[in-house]
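I have placed the structure first, in the form of structure tokens, so that the comments after it can refer back to it.
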Amino acid sequence: METAPSLAPGELPPVFIEVEVDPQEGPYYVHAQLSLKVRIFYQQNMTEAAINPPEPSESSVRLLDELPYQADRNGERYRVLERRYAVFPERSGTLTIPPLQLTGKLIERAADRLWQPSVTGRRIRVESEPVMLDISPRPPEFTGDVWLPAREIQLSQQITDGESVTVGEPVTRTIILDAKGLEEHMLEEPAWPELENARLYPDQPQGITRDDGEWVLGHREYRYAVVPETPGELVLPPIRLTWWDTVNHRQRVALLPEHRVTVLPSALGLQATQAPGNGQVSVDAPARSGAGGDARLWQAISAVLLVLWVLTLGALLLRGRSRSRETTIGETGDDSSRRKLAALRKACEGNDARAAHAALGRWVRHHGPAEAGGSLMALARRADAPELQAAIRSLDAAAYGGAEPSAWQGKAFWKLFSDWRKVGAPTGNTAGSPDVDLDLYAAAR
């Protein structure tokens with residue numbers, strides 16, 4: 001095997017290798033991508049060509065692209081095979097890219113025979129020059145919690161479920177993180193500020209790594225279910241992500257703006273707040289002026305208000321009894337409640353935690369006990385049903401807490417919920433016949 005022959009100054013061999021690093025000048029940073037280009041120049045056809053891949057010290061390497069083209073060097077025309085690699089230094093200090101060795105056989109055609117030229121070949125071996133780079137550690141002026149060196153980082157978001165929800169209904173916020181110069185597994189989840197009057201349930205993040213032929217493009221999505229617990233305004237807070245700009249060598253911050261969602265009280269919660277709570281009436285009256293006429297006037301007003309309150313209370317009691325009768329009949333005739341229960345049972349039978357959570361939430365908001373206020377978690381806090389508390393929290397975690405589907409047992413939940421409706425549920429919105437539920441479930445299937 002022959003090595004490249006000795007050449008006069010400025011003369012290039014028929015085969016040689018170029019290695020180029022981008023950026024061409026430092027500083028270079030630990031974990032930040034380097035673009036490595038390996039070019040094989042050759043003038044004659046080659047067979048049995050082989051070149052070892054780059055193996056830098058303490059780094060990971062990813063082949064991105066391979067391009068054939070032609071180029072001129074010193075007035076000579078060459079064929080070129082260019083390979084592009086992404087190199088990620090794993091430690092600070094000196095990074096060494098060893099020489100790359102190319103072996104193969106050059107095809108030469110002898111001109112001694114005009115009609116039948118002979119084809120011969122000679123084996124060659126050429127190698128590149130080694131490359132030495134100084135890799136810098138994380139700069140001391142970087143103040144972020146997680147080291148994210150990239151050429152570019154962008155944050156965006158998607159928010160579903162509209163501009164208004166009711167208490168207990170989740171708002172889905174998806175935070176999308178795109179980075180140039182980092183693979184998706186190198187990206188870190190942005191931190192949330194503390195939420196008030198709401199619960200946060202993260203889903204499993206999803207991501208992918210692509211490239212543009214020179215730089216890797218990391219893409220990662222973080223999905224959260226935000227469940228408001230009180231009416232008013234739900235503020236999805238701004239999200240800040242601190243990262244290091246490897247092009248301009250400075251710290252930068254990617255920012256997502258806040259998003260506000262109107263939270264409406266549930267129908268049952270509104271009824272509960274309108275109904276009298278302890279059977280007492282408080283009437284604010286001005287201080288007594290000492291005049292007997294004013295005292296008698298306020299006594300008359302108080303008496304009228306008391307009578308009106310008694311009448312209102314009686315109407316509410318009659319309405320509650322009427323609704324109790326309607327609901328009892330509705331288990332055989334009211335499709336609304338029966339459909340929700342059928343959907344809940346179907347989801348439980350299929351072990352679908354999210355569908356069961358949604359179905360149970362709809363039932364609680366429209367047909368659940370008044371003291372639950374239309375809130376699923378308020379129902380879970382019922383002191384007289386500790387087993388139901390644990391079961392609903394388990395369902396809540398399985399639906400939005402990132403738990404494995406197999407961790408939740410739908411049939412066991414349906415049995416516990418059905419037993420509670422028979423024994424523990426108050427009369428009014430929730431009484432009913434389990435046999436009718438079974439028939440409707442069978443018909444729904």
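Tell me, yes or no, whether the stretch 28-37 has at least one residue that is over 31 Å from the mean Cα position of the chain (by Cα) and either in a loop (DSSP other than H, G, I, E, B) or at pLDDT below 95 (or both).
no
For the subset of the stretch 95-117 comprising residues that are open to solvent by less than 40 Å² (accessible area, probe 1.4 Å) and among the small types (G, A, S), which member is modelled with the highest pLDDT?
Across the stretch 95-117, the extreme among qualifying residues is G104.
Condition first: farther than 26 Å from T143 by Cα, in contact (Cβ under 8 Å) with a residue 12 or more places away in the chain, of a type outside the set (S, T, Y) and touching a Lys or Arg at 6+ places or on another chain (Cβ under 7 Å). Can you find one or more residues in the stretch 210-223 that meet it?
Taking every residue of the stretch 210-223 in turn, at least one turns out to be farther than 26 Å from T143 by Cα, in contact (Cβ under 8 Å) with a residue 12 or more places away in the chain, of a type outside the set (S, T, Y) and touching a Lys or Arg at 6+ places or on another chain (Cβ under 7 Å).
Yes/no per residue for (1) closer than 24 Å to I153 by Cα; (2) β-branched (V, I, T); (3) outside any strand (DSSP E or B); (4) open to solvent by less than 50 Å² (accessible area, probe 1.4 Å):
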{"residue": "E188", "(1), (2), (3), (4)": "yes, no, yes, no"}
{"residue": "I208", "(1), (2), (3), (4)": "yes, yes, no, no"}
{"residue": "R240", "(1), (2), (3), (4)": "yes, no, no, no"}
{"residue": "W244", "(1), (2), (3), (4)": "yes, no, no, yes"}
{"residue": "V247", "(1), (2), (3), (4)": "yes, yes, yes, no"}
{"residue": "R252", "(1), (2), (3), (4)": "yes, no, no, no"}
{"residue": "R260", "(1), (2), (3), (4)": "no, no, no, no"}
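So in the stretch 166-186, with the set limited to residues that are buried (at least 16 other Cβ atoms within 10 Å of the Cβ) and either in a loop (DSSP other than H, G, I, E, B) or of a type in the set (S, T, Y) (or both), which one is nearest to the chain's Cα centre (by Cα)?
P170
So V80 clears everything in (1) out of contact with any Asp or Glu (no Cβ under 6 Å at 6 or more places or on another chain); (2) under 29 Å from E184 (Cβ atoms); (3) surrounded by 12 or more Cβ atoms within 10 Å (Cβ to Cβ) except one condition, right? Which one?
Among (1) out of contact with any Asp or Glu (no Cβ under 6 Å at 6 or more places or on another chain); (2) under 29 Å from E184 (Cβ atoms); (3) surrounded by 12 or more Cβ atoms within 10 Å (Cβ to Cβ), the lone unmet condition for V80 is (2).
Being outside any loop (DSSP other than H, G, I, E, B) and closer than 30 Å to D65 by Cβ is the filter here; which residues of the stretch 210-238 pass it?
The answer is R210, D211, V216, L217, G218, H219, R220, E221, Y222.
Please find, within the stretch 68-77, the residue that is least open to solvent (accessible area, probe 1.4 Å) out of those that are assigned to a strand (DSSP E or B) and in contact (Cβ under 8 Å) with a residue 60 or more places away in the chain. Outline the logic, then answer.
Going through the stretch 68-77, the residues assigned to a strand (DSSP E or B) turn out to be 68-73, 76-77.
Now restrict to residues that are in contact (Cβ under 8 Å) with a residue 60 or more places away in the chain: 73, 76.
On the way: R73: 72, E76: 92 Å².
The residue in question is R73.
Among residues belonging to the stretch 210-228 that are out of contact with any Asp or Glu (no Cβ under 8 Å at 6 or more places or on another chain) and more than 18 Å from H31 (Cβ to Cβ), point out the one that is least open to solvent (accessible area, probe 1.4 Å).
Taking the candidates together, the pick is V226.
What's the total number of residues in the stretch 47-67 that are in contact with a Leu (Cβ under 6 Å, 6 or more places away or on another chain) and part of a strand (DSSP E or B)?
So the answer is 1.
The values are calculated or read from the model by the stated rules, or taken from the named source; none is laboratory data. Everything numeric here is computed off the predicted structure, so don't read it as measured data. No Cβ is skipped: glycine too gets one built from the backbone with ideal geometry, and neighbour counts run over all protein chains shown. Please note that ligands, DNA and RNA were not included when accessible areas were found on the heavy atoms of the full protein model with its side chains. Shrake-Rupley method; radii C 1.70, N 1.55, O 1.52, S 1.80 Å.
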